[in-house]
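Encoded as structure tokens, the structure appears first; notes follow it.
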Amino acid sequence: MAMQTTMQAKRFKNREEAGMMLAERLAAYGGRRDVIVLALPRGGVPVGFAIARALHAPLDVLLVRKLGVPGHEEYAMGSIAAGGVCILRADVIKQLNIPQSAIDALIARKQEELAYRAEIYRSHRPPADLKDRIVIVVDDGLATGATMAAALQIVHKSAPARIIVAVPVAAHDSVQQIQQQVDDLVCLSIPDFFHAVGLWYEDFTQTSDDEVIQLLNEASRLQALNMPAPQIDAV
């Protein structure tokens, strides 16, 4: 599968700057009516909004939740996505001897979070139809790649024409893993020593639910402005 990377390791000012830089690399998809941007909440939404705005493309969220190791939530032992997708990292679970009861409890809690966020983010809007569309899946970075892998399972089930993953920064192993699952992967920076996504942003303030809702509403408003005027039949 194709992959575009040209930049050496660098820090981004914030998620919006990273999204604008990705949009430059995705300019060939601008103005196409078959393109849609799907962002992973919450941190992927500001990145995705900047891309969708630049490409004049619609923006939607792809609801996925990381399953963090108990006591070390930033370290993923798996992820779940809407539609019943659940990916577990058996090596991590075995190495840390995480009991099944803890895994089951965490999955149940994260499923409740997915349902809650689907309600507040979309405000009764149905998920976007991805069939035969060019889908650009966006996050603010790839650490283990587990969350993105779960998201891509959902996208593949929707029979899109083409899947592109766009991220500002990623760990080398995750790039190799995700690259095999998509048609194209656009990544601005693959540091030799990755450590964590947040290290590659000057401002990595946590994105709030209110900010996600605001950006989705603004993207919807911009799309309405870009829609062609309806045809009126002559009398």
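The values are calculated or read from the model by the stated rules, or taken from the named source; none is laboratory data. For clarity, every value in this text was computed on a predicted model and none was experimentally measured. Neighbour counts run over all protein chains shown; Cβ positions are idealised from the backbone, glycine included. Note: accessible area is taken over every heavy atom of the protein model, side chains too, but ligands, DNA and RNA are not part of it. Shrake-Rupley method; radii C 1.70, N 1.55, O 1.52, S 1.80 Å.
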Integer Hz, Karplus 6.51/-1.76/1.60 couplings in order for the range 213-224, x for Gly and Pro: 4, 4, 5, 5, 5, 5, 4, 5, 5, 5, 5, 4
Of Ala90, Ala76, Ala170, which is the most mobile in a GNM of the chain whose springs link Cα atoms less than 10 angstrom apart? Ala90
Residue-normalised 222 nm signal for the chain, counting each DSSP H run of n ≥ 4 as -39,500 (n - 2.57), nearest 500 deg cm²/dmol, is -12500 deg cm²/dmol
Tell me which residues come under 5 Å, amide H to amide H, from Leu63 once H is placed; ignore anything under 5 positions away on its chain. Ala82
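Counting other Cβ atoms within 10 Å, which trypsin sites (Lys or Arg not before Pro) in the range 26-80 have at most 10 and lie in a DSSP loop?
Here no loop site has a sparse enough neighbourhood.
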Computing the accessible area with a 1.4 Å probe over protein heavy atoms, can you report the carbon and sulfur percentage for the chain? 52 percent
Note, ³J(HN,Hα) from phi for the range 193-209, Karplus 6.51, -1.76, 1.60, rounded to Hz, x at Gly and Pro: 10, 7, 6, 7, 4, x, 5, 9, 10, 5, 10, 10, 4, 4, 6, 8, 4
Let me know the charge dipole size of the chain about its Cα centre in debye, to the nearest 20, where only the beta-carbon of Lys, Arg (+1) and Asp, Glu (-1) is charged. 300 debye
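Take peptides 12-22, 192-202, 144-154 and line them up by average Cβ neighbours within 10 Å, highest first, as a rough protection proxy.
So the peptides 12-22, 192-202, 144-154, ranked by packing, come out 144-154, 12-22, 192-202.
Restricting the count to DSSP beta bridges whose residues both fall in the chain, what percent are antiparallel, rounded to a multiple of 5? Before the final figure, lay out each step's value.
On the way: 10 of 34 bridges.
Percent antiparallel among DSSP bridges in the chain is about 30.
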May I ask you to give the solvent-accessible area per residue for the range 60-197, in square angstrom, as obtained with a 1.4 angstrom probe? 47 Å²
Residues whose built amide H sits under 5 Å from the amide H of Val137, excluding neighbours closer than 5 in sequence, are Leu38, Ile164, Val165, Ala166
Under-5 Å amide H pairs with Tyr75, H placed in peptide plane, nonlocal only: Val69
Which distance in Å, rounded to a whole number, links the C-alpha centroids of the range 60-96 and the range 140-204? 15 Å
Read phi for every residue in the range 26-43 and hand back ³J(HN,Hα) as whole Hz from Karplus 6.51 cos²θ - 1.76 cosθ + 1.60, θ = phi - 60°, with x for Gly and Pro. 9, 4, 5, 9, x, x, 8, 7, 9, 9, 9, 9, 10, 10, 8, x, 9, x
